[in-house]
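*Asks:* The structure's right below; bear with me while I get my questions together.
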Amino acid sequence: MIRGLLISHGSPTVLIEGEEWKRKLKELGERIKEEVKPEVIVVSSPHFISWTEENLVEVGEKLKCIQDYYGFPKELYEFCYEAYNDLDVVNELKSFLKPDDKWGLDHGAWIPLMFTFPGIKAVTISISQASAKKHYEIGEKIGEVIRKLGKRAVFLATSSPTHRLDLFYLNVKPKPSMFDLILQDLINEGRFDEILNAEKIYEKEFKSAMPEGELKPLYMLLGAVKPTRGRVIDYEVPWPGVSMMVAEFFS
């Protein structure tokens, strides 16, 4: 069984703010642990990037915490979360993903993991310069590995649908982007093919929103889970130009 979750990680300031967001993530994690009993969380953060067309998989026994944010209040650097890698899964993934031992868990991965699935083994996959279609196909292969091993898993994608940091610095009033509204409809109505082709079908709205990581973590999720339905659980725009979405995908 593979359950899919899209959880926007947002600003690191949620570590000392965002009490309602953190409460919702903890409740979500408890429900998923009861329903799925996951043995591994496969996580793809838009901050783990390969600058070639090869996607990476972290192969170290322990996924170390990376505080890859700068210029924030001192107390944010008191938080960190690490997880053990699932080497059984990793050894299978190495047949089509490039092994890497220099990364770990960046804040795009460890912040959602810390609040939602603490203590569960994780596997972290990078995005790359490859196409949306290639990321979907990689997700398919990841799903095949999970099912071959008989693992109960969650695929966690951690992108923000709108990621316009220029609007943040200009202090524009927070409001939903047109692309966010479109994406919510596509998820809730199960129009997953349109999500995969959103950059072409909704070119203007996609470019205006500048989705974090070009939604490539979500494309891998769709390939791995092969969802038959989805639903948006939570959505908000807490900062100018940056949206937060939590969505669930069922196989």
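*Asks:* Go through the stretch 35-46 residue by residue and turn each phi into a ³J(HN,Hα) via Karplus (6.51, -1.76, 1.60, θ = phi - 60°); whole Hz please, and just put x for glycine and proline.
*Replies:* So the Karplus estimates, Gly and Pro as x, are 7, 9, 6, x, 9, 8, 10, 8, 10, 10, 9, x Hz.
*Asks:* Where the accessible area of the stretch 160-251 is counted over protein heavy atoms with a 1.4 Å probe, how much of it, in %, is carbon and sulfur?
*Replies:* 52
*Asks:* Using every Cα-Cα pair within the stretch 128-251, state what percent have a distance larger than 24 Å.
*Replies:* Counting every Cα pair in the stretch 128-251, those more than 24 Å apart make up 27 percent.
*Asks:* Where the accessible area of the stretch 1-136 is counted over protein heavy atoms with a 1.4 Å probe, how much of it, in %, is carbon and sulfur?
*Replies:* The nonpolar share, carbon plus sulfur, comes to 51 percent.
*Asks:* Between Rg and the Kirkwood Rh of the chain, both from Cα atoms, what is the Rg to Rh ratio?
*Replies:* Rg/Rh for the chain comes to 0.93.
*Asks:* Next up: Set the Förster radius R0 to 51 Å, insert the Cβ-Cβ distance between residue 152 and residue 173 as r into 1/(1 + (r/R0)^6), and round the FRET efficiency to 0.05.
*Replies:* Rounded to the nearest 0.05, the efficiency is 0.75.
*Asks:* Further question: In the stretch 1-103, which chymotrypsin sites (Phe, Trp or Tyr not before Pro) are in a loop and have at most 12 other Cβ atoms within 10 Å, using DSSP for the loop call?
*Replies:* 51, 70
*Asks:* Can you count the Lys pairs in the stretch 62-170 whose Cα atoms are under 13 Å apart, with each pair 8 or more apart or on different chains?
*Replies:* Lysine pair count for the stretch 62-170: 7.
*Asks:* Just how much of residue 47 is accessible, in Å², when a 1.4 Å probe is used and the result is rounded to the nearest 10?
*Replies:* Residue 47 exposes around 60 Å² with every protein chain in place.
*Asks:* Turning to a different aspect of this structure: Per residue, how much accessible surface does the stretch 32-152 expose to a 1.4 Å probe? Answer in Å², no decimals.
*Replies:* Roughly 48 Å² per residue, with all protein chains present.
*Asks:* Taking residue 37 as the anchor, which aspartates and glutamates have their alpha carbon closer than 16 Å to its alpha carbon, excluding any fewer than eight residues away along the same chain?
*Replies:* Within the straight-line limit of under 16 Å, residue 37 reaches these aspartates and glutamates: 27, 86, 248.
*Asks:* Counting only protein chains, not ligands or nucleic acids, how are 65, 80 ordered by accessible area (probe 1.4 Å), most first?
*Replies:* Ranked list, largest accessible area first: 80, 65.
*Asks:* Which percentage, to the nearest 5, of the DSSP beta bridges contained in the chain is antiparallel?
*Replies:* Taking every DSSP beta bridge with both residues in the chain, the antiparallel ones total about 45 percent.
*Asks:* Consider a paramagnetic label point 7 Å from the Cα of residue 51 along Cα→Cβ; state which residues of the stretch 68-111 have an amide N under 19 Å from it.
*Replies:* Backbone N within reach: 68-69, 98-104, 106.
*Asks:* Then there is this: Would you mind calculating the relative contact order of the chain from Cα pairs under 8 angstrom and at least 6 residues apart, reporting the percent as a whole number?
*Replies:* 31
*Asks:* Per DSSP helix of 4 or more residues, -39500 (n - 2.57); summed, then divided by the residues of the chain. What does that give at 222 nm, rounded to the nearest 500?
*Replies:* Result for the chain, helices only: -11000 deg cm²/dmol.
The values are calculated or read from the model by the stated rules, or taken from the named source; none is laboratory data. Since this is a predicted model, take the numbers as computed values, not measurements. Backbone-built Cβ (ideal geometry, glycine too); neighbour counts: all protein chains shown. Please note that ligands, DNA and RNA were not included when accessible areas were found on the heavy atoms of the full protein model with its side chains. Shrake-Rupley method; radii C 1.70, N 1.55, O 1.52, S 1.80 Å.
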